[in-house]
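Remarks on the structure that follows.
The values are calculated or read from the model by the stated rules, or taken from the named source; none is laboratory data. Small disclaimer: the values here were computed from a predicted structure and weren't measured. Positions of Cβ are backbone-derived with ideal geometry, glycine not excepted, and every protein chain shown enters the neighbour counts. For the accessible areas, the whole protein counts, side chains as well, though only heavy atoms, and no ligand, DNA or RNA atoms are used. Shrake-Rupley method; radii C 1.70, N 1.55, O 1.52, S 1.80 Å.
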Amino acid sequence: MAEIKVPELAESITEGTIAQWLKKPGDYVEKGESICELETDKVNVEIMAEESGVLQQLLANEGDTVAVGQAIAIIGEGAAAPTAAPQAAPQPADETETVAPADSNEQPAPQPVAAAQAPGQRPIASPAARKMAREKGIDLTQVPTVDPLGRVRKQDVASFAAQPAAALQPAPQAAPTSTPAAVPAAEAGKPVIREKMSRRRQTIAKRLLEVTQTTAMLTTFNEIDMSAVIDLRKRKKDKFFEEHDVRLGFMSFFVKAAVAALKKYPYVNAEIQGDEILLKKYYDIGVAVSTDEGLVVPVVRDCDRKNFAEIERDIAELAAKARSNKLSLADLQGGTFTITNGGVFGSLLSTPLLNGPQVGILGMHSIKLRPVAVDEERIENRPMMYVALSYDHRIIDGKEAVGFLKTVKDLIENPEDLLLES
């Protein structure tokens, strides 16, 4: 008999939340087989059994916060139990009619039944339902369900959370008082929704607050004429796709330009450690990706050694992994500089926050046609982009920051020069 413990994940990760048990007590588990999914502040990871045997006992429930090194289950020798999970509630003796699955379109909607169990008993709910309930601060015992066995599903939680907002002309005295998801505001008749922050959102909030409190952050701006890059991309994108099976975007140009600027201004590629400055002679560029659960910054490694196709391929693969929640911890660690593109959401101008412990971040924005003075006599409409560099003023002076951003500008406006820098 042995304990299954939360393994060491990374230096910055000390705890996580049990998102879902993949095995139940009585199941036989092979060595290396996943038994549960752990939600951390960066990624979701699966915890695997270190030896074969029967899962004897779960020491933590779904939704519980567990620390690195904490025992969460016990595995031992023996045959697999023939019965289902012990959490399953027996069907009531007086319930005789068979009900089709809830997603059947041909079955008339049955009346909701109470999901509450006997006092002290844990309600039956799917992992997705438990996760949504945690995030929205909902007590699962209060959620009605149409399942004949009283199992709460994700759609039940969603419907329950939406009830106060969807109610027609609710009377102030009739406002639900036992629903944590809709707590009345200070004034009667004004419902609110209380949601629990996900672990990732809590970490994002904590880290961004630390950055604003522990760095001397400043932002400098410039604008870039994107005409040359747009023209080059139009001429080369089809051939580029045929040869490399990946699309040529703007991000690879900015990554290569940033690497060239980092080589010229090395303190932007540095890190403060105590009273020392760590100058990094490698170029692992973080590319911010927006997901449903929050912003993540996977890292493209060794950008100074990769060509445009390799960078575009890495970015596409990391973005796909981020949006399907399949990023590993290794994908998120060790970046030296970050690029974020608010322009994909329509942002015209912003001041990006540093991604500590990095001391620089480049912000891209929307490309907009604007009148530009070409010379003393001519004004033309040009596709222009505002760019921003936020930097830690403790080790980067304004002269370096402005020079860095101007280098990026010059290389993007003359993209052929990037071939010489690559």
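Values as computed for the structure displayed
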| read-out | value |
| --- | --- |
| Some residue of the range 336-352 being open to solvent by 60 Å² or more (accessible area, probe 1.4 Å) and in a strand (DSSP E or B) | no |
| Single residue of 274, 294, 286, 249 found to be open to solvent by 60 Å² or more (accessible area, probe 1.4 Å) and of a type in the set (Gly, Ala, Ser) | 274 |
| Residue count, the range 396-414 (criterion: surrounded by 18 or more Cβ atoms within 10 Å (Cβ to Cβ) and outside any helix (DSSP H, G or I)) | 1 |
| Selection from the range 211-239 of residues that are part of a helix (DSSP H, G or I) and open to solvent by less than 50 Å² (accessible area, probe 1.4 Å) | 211, 227, 228, 229, 230, 232 |
| Residue, least open to solvent (accessible area, probe 1.4 Å), within the range 20-41, restricted to residues that are hydroxyl-bearing (Ser, Thr, Tyr) and within 23 Å of the chain's Cα centre (by Cα) | 40 |
| Among residues of the range 250-279, those that are out of contact with any Gly (no Cβ under 6 Å at 6 or more places or on another chain) and either assigned to a helix (DSSP H, G or I) or of a type in the set (S, T, N, Q) (or both), counted | 18 |
| Residue pairs meeting the criteria (Cβ under 7 Å; at least 6 apart or on separate chains; first outside the structural domain of residue 393 (by the TED database), in the range 354-380; second modelled with pLDDT of 95 or more and buried (at least 22 other Cβ atoms within 10 Å of the Cβ)) | none |
| For residue 242: the one exception among (1) without any contact (Cβ under 8 Å) to a residue 24 or more places away in the chain; (2) part of a strand (DSSP E or B); (3) of a type in the set (Asp, Glu) | (2) |
| Residue list for the range 355-381, filter: outside any strand (DSSP E or B), open to solvent by 40 Å² or more (accessible area, probe 1.4 Å) and under 19 Å from residue 223 (Cβ atoms) | 374, 375, 378 |
| Test result for residue 208, touching a residue at least 60 places away in the same chain (Cβ under 8 Å) and either touching a strand residue (DSSP E or B) at 6+ places or on another chain (Cβ under 7 Å) or not in a helix (DSSP H, G or I) (or both) | no |
| Number of the condition not met by residue 275 [criteria: (1) in contact (Cβ under 8 Å) with a residue 40 or more places away in the chain; (2) more than 16 Å from residue 361 (Cβ to Cβ)] | (1) |
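Here is a yes/no grid of residues against (1) of a type in the set (Lys, Arg); (2) more than 30 Å from residue 373 (Cβ to Cβ); (3) under 26 Å from the mean Cα position of the chain (by Cα):
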{"residue": "215", "(1), (2), (3)": "no, yes, yes"}
{"residue": "221", "(1), (2), (3)": "no, no, no"}
{"residue": "224", "(1), (2), (3)": "no, no, no"}
{"residue": "228", "(1), (2), (3)": "no, no, no"}
{"residue": "257", "(1), (2), (3)": "no, no, no"}
{"residue": "280", "(1), (2), (3)": "yes, yes, no"}
{"residue": "289", "(1), (2), (3)": "no, yes, yes"}
{"residue": "304", "(1), (2), (3)": "no, yes, no"}
